[in-house]
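Below you'll find the structure, written out as structure tokens, and then a few comments.
The values are calculated or read from the model by the stated rules, or taken from the named source; none is laboratory data. Because the structure is a prediction, the values reported are computed rather than measured. Cβ sites come from the backbone with ideal geometry, for glycine too, and all protein chains shown count toward neighbours.
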Amino acid sequence: MLKQVTKQLALQGVRQFSVSQQNNYKVTVCGAAGGIGQPLSLLLKQNPLVTDLSLYDIVHTPGVAADLSHIDTKSKTAGFIGADQLADSLKGSDVVVIPAGVPRKPGMTRDDLFNVNAGIIKDISNSIAKNCPKALVAIITNPVNTCVPIAAEILKKAGVYDPKRLFGVSTLDVVRARAFIGHALGVDPQTVQIPVIGGHSGVTILPVLSQSQPLFKGNQDAIEKLTVRIQEAGTEVVKAKAGAGSATLSMAYAGARFAGSLLKGLNGEKNVIECSYVQSNITEATFFSTPLVLGKNGLQENLGLPKLNDYEKKLLEAAIPELKKNIQKGIDFANA
Ligand code: APR
């Protein structure tokens, strides 16, 4: 009996080993002890493509890592704490996900967070340039519209910028649109397809409801209400949490889904498509989110603008000047 069990375990071991040889990815979460970082790390701990999960923060990561390391999935978890350990946390990373920063409080806009979060992105980007310049980098820290151009400038200065490897995570806007449409239509949100393009705050978020599948049925009033709800959904959560932070659990879910898609692309899976905020020449805004095919080197193909109706064209017109402003602010910060 014991022999049989031992044999079975050995077989499992062999099987696990052969899987890990194919799917051998290191993911680092910067800001891993936070409201987003902890559930994001928990979800990534369950991703079978991850073999090394590296958790970096300025506080609490030894505890978070010890806790997660008891979960019976194959990835090894390691905690890194404080700026002195940032380099070690990043070395060898295939994907770096960044939710480090301060969250929004009631009455604050995403741009109010700018100075603190911009500095954090600058420091982490500098370390990425030195320690894992080929990693795919996914930025969650707000304001995403500005933090992504900051990271791009810092990576450029270090001579390692590859626009195919730097992403702003706007997945939560898609996740919210799917949830709201699914529940409004009485269908499983997981079956809803909808591109959400533009940026990741307020009027820059452009849900292309005319292209949703199944189609969102409603008069213009209902369409406008839903559009505004998706654009302002972050504020809905900030108000409901009443001083206890901004969206964390849904953001962690969205971040884990996006990181999972980056890993699927790295791993050679076909037809991995996500909307994400990247360097772009699709509109006048030099960073813009559209549906992208993800592959072995990150961004494989930008699928461009979906078909827009007249209302959506107006939304796009409103988004572009705001986006351009947000982008310029990032460029100026990085070059100051
Ligand atoms: N390096 C690494 N981690 C940092 C740094 C830094 N320089 N500065 C702060 N952090 C960590 C904090 O210690 C904390 O654990 O980032 C984490 C942020 O967690 P929370 O304060 O709980 O904030 P959260 O709700 O997770 O939001 C983080 O994501 O969506 C955005 O707007 C949000 O920019 C904010 C970020």
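Of note:
- Pair list, Cβ < 9 Å and 6+ apart or interchain, from the stretch 60-85 residues that are under 12 Å from residue 46 (Cα atoms) to residues that are within 14 Å of the ligand (Cβ to nearest atom) and part of a helix (DSSP H, G or I): 68/38; 68/41; 68/42; 71/42; 77/41; 77/64; 77/65
- In the stretch 124-134, the residues that are more than 12 Å from the ligand (Cβ to nearest atom) and aliphatic (A, V, I, L, M): 128, 129
- Exactly one residue out of 148, 137 is within 21 Å of residue 25 (Cβ to Cβ), surrounded by 24 or more Cβ atoms within 10 Å (Cβ to Cβ), more than 12 Å from the ligand (Cβ to nearest atom) and not assigned by TED's automatic domain parsing to the domain that holds residue 277, and it is 137.
- So residue 24, is it surrounded by fewer than 16 Cβ atoms within 10 Å (Cβ to Cβ), closer than 25 Å to residue 269 by Cβ and of a type outside the set (Gly, Ala, Ser): yes
- Residues that are buried (at least 18 other Cβ atoms within 10 Å of the Cβ), touching a Lys or Arg at 6+ places or on another chain (Cβ under 8 Å) and more than 27 Å from residue 31 (Cβ to Cβ) are absent from the stretch 235-247.
- Scanning the stretch 82-101 for residues that are buried (at least 21 other Cβ atoms within 10 Å of the Cβ) and not in a loop (DSSP other than H, G, I, E, B), we see that the one that is farthest from the ligand (Cβ to nearest atom) is 95.
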